[in-house]
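Structure record follows, encoded as structure tokens.
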Amino acid sequence: MEALHCRSGARPWMDPNEQPLVPLSAFEWQILVCVYDLGSANPIEVSEQLMRRKLRASKPKACGGLLARLAEKGYVAVEPERKPGRGRPPHSYTPLVPRQTVLRWQFQEFVEAHLLTDEELELLPSFLERRVLALV
């Protein structure tokens with residue numbers, strides 16, 4: 001996997017002790033948010049959490065594939081659940097990277113990918129204020 005690098009190679013907003021992260025798709029981000037919500041989860045639990053949060057409907061098998069991809073990218077740890085019964089037990093996934101670190105990376109990648117100007121960045125506080133008021 002290739003790490004993120006900005007055009008200049010410098011990331012002044014990043015703590016120099018943090019490891020570079022691989023970008024997430026919108027669906028991977030939604031899956032990761034569910035894992036953060038639950039603390040640790042298997043694909044069935046993530047599928048149910050997606051529906052509870054009204055993010056999207058997704059079958060556990062699809063969630064399992066995305067969780068495996070998140071593990072490959074280094075966002076989550078994976079281990080088999082130890083449940084009695086027949087068949088292969090589902091894997092359990094636990095976050096490895098703090099949510100705030102991932103948010104910072106995702107936001108910075110958005111800013112860089114969309115080449116936002118300083119004027120456009122100045123619009124963000126008013127957008128966020130409207131968002132907060134809409135949630136109240």
Helices (runs of 4 or more DSSP H) wholly inside segment 91-136 containing at least 3 residues that are of a type in the set (S, T, N, Q), at pLDDT 80 or above and closer than 30 Å to PRO80 by Cα:
99-113
Could you tell me whether segment 42-65 includes any residue that is within 16 Å of VAL22 (Cβ to Cβ) and touching a residue at least 40 places away in the same chain (Cβ under 8 Å)?
no
Scanning segment 99-136 residue by residue, those within 22 Å of the chain's Cα centre (by Cα) and of a type in the set (Asp, Glu) turn out to be GLU109, GLU112
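Name the residue that is surrounded by the most Cβ atoms within 10 Å (Cβ to Cβ), counting only residues in segment 23-48 that are part of a helix (DSSP H, G or I) and aliphatic (A, V, I, L, M). Don't jump to the end; show me each part of the working.
Narrowing segment 23-48 to residues part of a helix (DSSP H, G or I): 26-38, 43-48.
With aliphatic (A, V, I, L, M) added as a condition, the list becomes 26, 31-33, 35, 38, 44, 46.
On the way: ALA26: 9, ILE31: 30, LEU32: 24, VAL33: 17, VAL35: 23, LEU38: 17, ILE44: 14, VAL46: 25.
Top of the filtered list is ILE31.
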Note on segment 49-65: residues part of a loop (DSSP other than H, G, I, E, B), closer than 17 Å to PRO90 by Cβ and among the small types (Gly, Ala, Ser) are SER58
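The values are calculated or read from the model by the stated rules, or taken from the named source; none is laboratory data. From a predicted model like this one, the values you see are computed outputs, not experimental measurements. Positions of Cβ are generated from backbone atoms using ideal geometry, with glycine treated the same way; all protein chains shown enter the neighbour counts.
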